Amino acid sequence: MDVPYTIVIADDHPLFRNALLQSIHMAISGANLLEADSRDSLFSLLQKNGDIDLLLLDLKMPGSNGMSGLIQVRQQYPELAIVVISASEEDQIVQQVYNHGAFGFIPKSSEMQTLLAALKQILNGEPYFPTTISHNDHHQQLSAKIAALTPQQYKVSTMLTEGLLNKQIAYELSVSEATIKAHMTAIFRKLEVKNRTQAVILLQQLAIN
């Protein structure tokens, strides 16, 4: 007997989540579907369930915006197949999703039949992207540098792009300023930059916010 797929739908819009749930149930027999409506609820769910086959991830949820949610999940669960389902359908967004290690991208505007065909293709082990993806893009090298950051270094990086000073970051994370300076040194080394300005420019190129 086939083991049913376990699929997580992470989206903060209940109507879209419900429509997706019903459609997947019809298309994929016996699928075990789990739901998350925020970054925190998603990570809580991932920690409790170790055998998830696929994560359907919206880019904008409470607690995450832009690529941050995708990057954090990829860092902590490198083997998990992640497919972004988003209303942001620009080629640049699709390219960034690919560069950050997603297995697919499905626009929310897709016809349900297209969406389900894409999911079946993904569950068969074939990536799905609606546009031509550059496999040698400069952003891939930048993405690899971001992926090398620890979760705490990543948090510091996001605050760096927001213009916070070391003292402010230390306060927000409840650590010493010396700890933040140590993180900064490690971040600069991994990003191969010499100062805060260069780091911010690099991070902004990847829309890390």
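Annotations
- Here 38, 64 are screened, and the one residue that is in contact with a Pro (Cβ under 6 Å, 6 or more places away or on another chain) and open to solvent by less than 70 Å² (accessible area, probe 1.4 Å) is 38.
- Just one residue in the set 186, 170, 199 is among the small types (Gly, Ala, Ser), touching a residue at least 40 places away in the same chain (Cβ under 8 Å) and surrounded by 14 or more Cβ atoms within 10 Å (Cβ to Cβ); that residue is 199.
- For region 171-197, a residue qualifies if it is out of contact with any Lys or Arg (no Cβ under 8 Å at 6 or more places or on another chain) and closer than 17 Å to residue 144 by Cβ, and the qualifying residues are 186, 187, 189, 193.
- In region 78-107, the residues that are of a type in the set (Ser, Thr, Tyr) reach residues that are assigned to a helix (DSSP H, G or I) with C-beta atoms within less than 8 angstrom, at least six apart or across chains, in these pairs: 86/93; 86/97.
- Scope region 101-142; condition of a type outside the set (A, V, I, L, M), within 25 Å of residue 200 (Cβ to Cβ) and at pLDDT 80 or above; matching residues: 101
- Given (1) open to solvent by less than 20 Å² (accessible area, probe 1.4 Å); (2) of a type in the set (S, T, N, Q); (3) at pLDDT 85 or above, index of the condition residue 32 fails: (1)
- Residue in region 102-132 that is most open to solvent (accessible area, probe 1.4 Å), counting only those that are under 21 Å from residue 30 (Cα atoms) and polar (S, T, N, Q): 113
- Test result for residue 12, open to solvent by 10 Å² or more (accessible area, probe 1.4 Å), within 24 Å of residue 124 (Cβ to Cβ), at pLDDT below 90 and not hydroxyl-bearing (Ser, Thr, Tyr): no
- Failed item in (1) open to solvent by 60 Å² or more (accessible area, probe 1.4 Å); (2) hydroxyl-bearing (Ser, Thr, Tyr); (3) farther than 21 Å from residue 204 by Cα, with residue 179 passing the rest: (1)
- Selection within region 67-88 - open to solvent by 10 Å² or more (accessible area, probe 1.4 Å), closer than 22 Å to residue 116 by Cβ and in contact with a Leu (Cβ under 7 Å, 6 or more places away or on another chain): 80, 81, 88
- Residue match in region 88-96 (condition: assigned to a helix (DSSP H, G or I), among the acidic types (Asp, Glu), modelled with pLDDT of 85 or more and out of contact with any Asp or Glu (no Cβ under 8 Å at 6 or more places or on another chain)): no
- Given (1) within 30 Å of residue 93 (Cα to Cα); (2) modelled with pLDDT of 90 or more, index of the condition residue 170 fails: (1)
The values are calculated or read from the model by the stated rules, or taken from the named source; none is laboratory data. Bear in mind the structure is a predicted one, so any value in this text is a computation, not a measurement. Positions of Cβ are backbone-derived with ideal geometry, glycine not excepted, and every protein chain shown enters the neighbour counts. For the accessible areas, the whole protein counts, side chains as well, though only heavy atoms, and no ligand, DNA or RNA atoms are used. Shrake-Rupley method; radii C 1.70, N 1.55, O 1.52, S 1.80 Å.
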